[in-house]
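The values are calculated or read from the model by the stated rules, or taken from the named source; none is laboratory data. Fair warning: this is a prediction, and the values are worked out from it, not measured in the lab. Because the Cβ atoms are built from the backbone with ideal geometry, glycine has one as well, and the counts that use them run over all protein chains shown. What goes into the accessible areas is simple: the full protein's heavy atoms, side chains included, and nothing from ligands, DNA or RNA. Shrake-Rupley method; radii C 1.70, N 1.55, O 1.52, S 1.80 Å.
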Amino acid sequence: MHAHSKHLVVGHLEYISREIFKRFHKEITDSVGGRNGIYALYADGKLYYVGLARDLKGRLKRHLNDRHKDSWDHFSVYLTNGEGHMRELETLMLRIIKPTGNRVSGKLKGSTDHKGELERRLWLEQERIIGGMLGKEAKPAKPKRSVLRKTGSLRGHGANGAIFLRALYKGKEYRATLSQDGTVRIGDKRYTSLSAAGMSITKRATNGRRFWRVRNAEKEWVGIGHFHS
């Protein structure tokens, strides 16, 4: 009777007690029939398991005796109009919600992971920011694909586009941030340049571009000169 419905969900039962289901499972399963859809199992008010079934009637009955039998106290079912995209919908729910009772989250077949493109854009933006801070025209080069595959996420950006800096001097590590206006902050103190910040540590003339290091797309600490020759 739902063949011509334009909606994905054409019927539902939400948060029904397990005890009611055990006592009146015939009435409940008869109401959903052998239709397909998505169902959810709950434990103490929290989502425990999400599943897809082409026969909700049979699937619900099996969950009274399978490995989940003692792990849920309420359930919900959502009857769907046909089977189109049902597997993808289940996968999407699992990846977002991550119920504790599900062993796998599934793969988004046909979907492109845009993380690599985002990393490329962040890499180029970091080069542009550092070049501007140092008064040089940015000449970003597209990073090699192998670099993008190795890195999980580009680290190094602080608040308002600041870049994290690191230096090792006489066995001690120092941390700082380079702001977009070219100033460098070490703790509560701010310095007008990379060299001035380095000199505050070494107590002598210091080449700030050589003293300080930044983190690249491979998560390695490299000299700032690495970004612009």
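Summary table below
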| read-out | value |
| --- | --- |
| Subset of the stretch 109-149 that is within 19 Å of the chain's Cα centre (by Cα) and of a type in the set (A, V, I, L, M) - its residue that is modelled with the lowest pLDDT | L148 |
| Selected residue (criterion: farthest from the chain's Cα centre (by Cα)) from residues of the stretch 48-78 that are hydrophobic (A, V, I, L, M, F, W, C) and modelled with pLDDT under 85 | L64 |
| Only one of S76, S71, S111 that is among the hydroxyl-bearing types (S, T, Y), farther than 22 Å from R35 by Cβ and in contact with a Leu (Cβ under 9 Å, 6 or more places away or on another chain) | S71 |
| Spans of helices (runs of 4 or more DSSP H) in the stretch 48-135 with at least 1 residues in contact (Cβ under 8 Å) with a residue 40 or more places away in the chain and surrounded by 15 or more Cβ atoms within 10 Å (Cβ to Cβ) | 86-97, 115-133 |
| Pairs, first more than 24 Å from P99 (Cβ to Cβ) in the stretch 22-40, second open to solvent by less than 50 Å² (accessible area, probe 1.4 Å), C-beta under 9 Å, six or more apart | S31/G11; G33/L56; G33/L79; G34/L56; G34/G58 |
| Scope the stretch 82-122; condition within 19 Å of R54 (Cα to Cα) and of a type in the set (D, E); matching residues | E83, E88, E90 |
| Residues (touching a Ser or Thr at 6+ places or on another chain (Cβ under 8 Å) and surrounded by 17 or more Cβ atoms within 10 Å (Cβ to Cβ)) located in the stretch 14-35 | R35 |
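Per-residue answers, yes or no, for (1) touching a Gly at 6+ places or on another chain (Cβ under 9 Å); (2) over 30 Å from N216 (Cα atoms):
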position	(1), (2)
F75	no, yes
L79	yes, yes
G82	no, yes
M86	yes, yes
L118	no, no
Q126	yes, no
